[in-house]
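See structure below.
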Amino acid sequence: MSLKCAVELQIPDIIHNHGQAMNLSDLALALGIHHSKLHCLHRLMRILIHSGFFAESKTNPTDQQKAYVLTPVSHLLRKDHPLSSTPFILGMLDPVLLKPWQYLSSWFQNLDHPTAFSAAHGESMWDYAGHEPRVNHFFNDVMAFWRRAWCLVSAKEFLRG
């Protein structure tokens, strides 16, 4: 959920557009986060650094204040990156797709529903997406992400011979 938060707040885009390492105060200002929540933003960034999504740096060698930079992985979280994984992350962590996991054990023990999704929502994912434009939209975005990724991998394999 920390990753979803970073993507929703567009932290990778903000740091990238900043053009250099970005300290916590500047990041909070760019995000519109009140200074009383600075310690919470710091904790979020610590989790994301520990997970390898961001790295710490200094804005200049004489500055003692730590700043945040993108890693190769966090570049894939930028909206303008050709292989942006943002649609996939937001889609897979959407409450509609997380809810079936809460029904998984009861789904295994009953024959009432063909899938955990239908146990959670009372209909198939396809029927649900048919009347819920938001779900349909993120599903299409995720499929477009996988198509771009597959094309890139296929092209590299083709060029290697």
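Laboratory data are not the source of any read-out in this text; all were calculated from the coordinates shown. Since the structure is predicted, the reported quantities are computational estimates derived from the model, not experimental observations. Please note: Cβ atoms are built from the backbone with ideal geometry, for glycine as well, and neighbour counts cover all protein chains shown.
Just a few scattered comments:
- Between 0 and 90°, nearest 10: helix 133-160 axis offset from the chain longest Cα axis: 70 degrees
- Where trypsin sites (Lys or Arg not before Pro) fall in DSSP loop in region 62-121, at most 13 other Cβ within 10 Å: Lys79
- Dividing the Cα radius of gyration of region 94-159 by its Kirkwood radius returns 1.16 for Rg/Rh.
- Under 5 Å, built H, 5+ apart or other chain: amide partners of Tyr68: Met22, Asn23, Ser57
- In terms of its C-alpha gyration tensor, region 1-47 comes out oblate, because a/c is 1.5 or above while a/b does not outweigh b/c.
- Cα gyration tensor shape for region 10-75, rounded if a/c is under 1.5, else prolate or oblate: rounded
- 14 Å beta-carbon shell around Glu123, net charge (K/R +1, D/E -1): -2
- Matching the structure-derived Rg and Dmax of the Cα atoms in Å against the labelled list (1) 19.8, 66; (2) 16.5, 56; (3) 20.6, 63 gives the label (1).
- Sorting 26-38, 117-129 by their mean Cβ neighbour count within 10 Å, with the most densely packed peptide first, gives 117-129, 26-38.
- In percent, rounded to a whole number, the relative contact order of the chain is 18, using alpha-carbon pairs under 8 Å and six or more apart.
- The value of relative contact order for region 94-159, using C-alpha pairs under 8 Å at least six residues apart, is 19 percent.
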